[in-house]
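Asker: What follows is a structure written as structure tokens; I'll ask about it next.
Every number in this text was worked out from the coordinates using simple rules, so none of it is lab data. Note that the coordinates shown come from a computational prediction; the quantities given were computed from them, not determined experimentally. For neighbour counting, all protein chains shown are included, and Cβ atoms are generated from backbone atoms with ideal geometry for every residue, glycine included.
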Amino acid sequence: DDNGPNNADGDQGGGGGGGRGYVLEIFKGHFSLPDLGPIGSNGLANARDFLHPVARYESDPKIANAPCVILNKLGNRLFRRVSPHTPYNVVAWHGNYVPCKYDLSDFCAVNSVTYDHVDPSVYTVLTCRSDETGTALADFVVFPPRVLATDPNTFRPPWFHRNV
């Protein structure tokens, strides 16, 4: 699929499988890996597991000149344009903020082995930090399967907590 979505209003994060998904939009800051703190250098989402596009020049005119739908979001409106060629036919990426994808099954869950629940922040894949220390504008989290000392068909959701 060579469609080219673009959001000029803010960052977008999405998740889902099959025909379902969820889009989260932020208007300040960027998504980044959370600080691991006492977890150490390995755990949660690892930078090495994020897949980024590889710059590639397409010389086959049939492929390079195939039409592509480009969707752009600006000022809370969607704009659609059909480009005569794909926007991904590039020789190099400039900068270090490029699209990426992440397989949620690569997430390394951390769990309490003694009692109760750990803080829900240990399920954070990506976070968007705010100007206030310790407060995120948005967190993209996953609740992966993990070993529990209860029946395998029992789901232990985190306790009630307020979101900012």
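Asker: Right, PRO34: over 29 Å from VAL141 (Cβ atoms) and of a type outside the set (D, E, K, R) or not?
Answerer: Details: over 29 Å from VAL141 (Cβ atoms): no; of a type outside the set (D, E, K, R): yes.
So PRO34 does not fit the description; no.
Asker: OK, next. Which of the residues belonging to the range 44-77 are among the small types (Gly, Ala, Ser) and in contact (Cβ under 8 Å) with a residue 24 or more places away in the chain?
Answerer: Filtering the range 44-77 for residues among the small types (Gly, Ala, Ser) gives 45, 47, 55, 59, 64, 66, 75.
Passing the criteria: ALA45, ALA55, ALA64, ALA66, GLY75.
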